[in-house]
Structures are given as C-alpha cells and as structure tokens.
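Right, one structure below, let's go through it.
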Amino acid sequence: MLQRIQTIYLLLCVLISGVLPFFINIWTTENKLEVYADSNTIYIGLFLISAILAVLSIFSFKKRQNQFVLNRLNMILNFIIIGLLVYHSLSLSGEAKVSEKGIGMLLPIFSIVFLALANRAIKMDEDLVKSVDRIR
C-alpha cells in the first residue's frame, strides 16, 4: 500500500538523490566556483540511478522482499557515491589551502538513513503479516 511510512521515507530519498544534488553544491574550488553534481556525468548517473531505485522500490509495495532488496542495493550505491566523493575531495588541487566541501557531500548519508528507516518499516510490515498468517 502506498500510504505506509516507508513510502514517505522513500520519497524523501528520491528528493535527496534526484533533485537536491543539482541545486546544492558539492564543493567549492579555490576560485570560489561552486561545483554541483551536474558537472560530472558519473555523479549525474549515480544520483539518478539511486533516485530510480527508490521510485522502483515505492511501486513494488506488493512484494516487500523485493522492496527490501532494492533498498539494500540503493544503500550500496550510496556508499559507492560517498566513496567517490571522498576520493575526489581528497584529490582536489589545492585541497589543503582553499577548497571547501559543501553540504552536498552529505546527501548520500541522508539518503542511506532514510533507506534504513524504510527497510525497518518494511520489516515491521513483513513481521505483522507473518504474525497474522500464524493466527489463521
């Protein structure tokens, strides 16, 4: 059912992964130039794949196990995004002097938190259905 709490968590994940990286800067270069996710095609692809996985998870509400697996894959993808962002931020030229990290580097972490909350709610639903089936 679409009116569950995990749908809200997954919609927040879609917002964080699909919309916010293109409006919130990831870092600022030494020339005071703000860099967004749309400046690199790898980041565009990974953030959009993450948003698509969250949308697919929303609409697979009849198959809770598939929904759970899609969220786990999405978490792994967000960990990959975090790794790429950390690697890229550590290899920026002039890193020790002037460049600044933006709040956009925290977006995958927020996405992982909401995916974990959604998985917890999905597991609670699954446990509820199993307990009702035991009674019959």
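Under the criterion of Cα pairs below 8 Å and six or more residues apart, the relative contact order for the chain equals 37 percent. Helix 5-18 axis versus longest C-alpha principal axis of the chain: approximately 20°, rounded to the nearest ten. The value given for the chain is a Kirkwood hydrodynamic radius of 15.9 Å, derived from the mean inverse Cα-Cα separation. Among 100-112, 4-16, 122-134, sorting by the average number of other beta carbon atoms lying within 10 angstrom of each residue, highest first, gives 4-16, 100-112, 122-134. Extension gain for the segment Lys63 to Ile109, taken as residue separation times 0.36 nm less the Cα-Cα distance, is 14.0 nm to one decimal. Shown for segment 52-94 is the translational diffusion coefficient from the Stokes-Einstein equation, using the Kirkwood radius over Cα pairs, a temperature of 37 °C and a viscosity of 0.692 mPa s: 280 µm²/s. In the full protein context, the chain carries 60 Å² of accessible surface per residue, based on a 1.4 Å probe and ignoring ligands, DNA and RNA. Placing unit charges on the Cβ atoms of the charged side chains and taking the dipole of the chain about its Cα centre, the candidate lying farthest along the positive direction among Ile82, Ser57, Phe47 is Ser57. Summed over qualifying helices (DSSP H, 4 residues or more, each -39500 (n - 2.57)) and divided by its residue number, the chain shows a 222 nm mean residue ellipticity of -22500 deg cm²/dmol. Here Lys123 is the anchor, and the aspartates and glutamates within straight C-alpha reach of less than 18 Å, apart from those fewer than 8 places off in the same chain, are Asp133.
Once both labels are positioned 7 Å from their Cα atoms along Cα-to-Cβ, the gap between Leu48 and Phe79 label points is 2.6 nm. Accessible surface of segment 1-121, 1.4 Å probe: 70 percent of it comes from carbon and sulfur atoms.
The values are calculated or read from the model by the stated rules, or taken from the named source; none is laboratory data. Predicted, not measured: the structure shown is a model, and the values here were computed from it. When we count neighbours, we look across all protein chains shown, and the Cβ atoms used for this are built from the backbone with ideal geometry, even at glycine. Quick note on the areas: whole protein, heavy atoms, side chains included, nothing else; ligands and nucleic acids left out. Shrake-Rupley method; radii C 1.70, N 1.55, O 1.52, S 1.80 Å.
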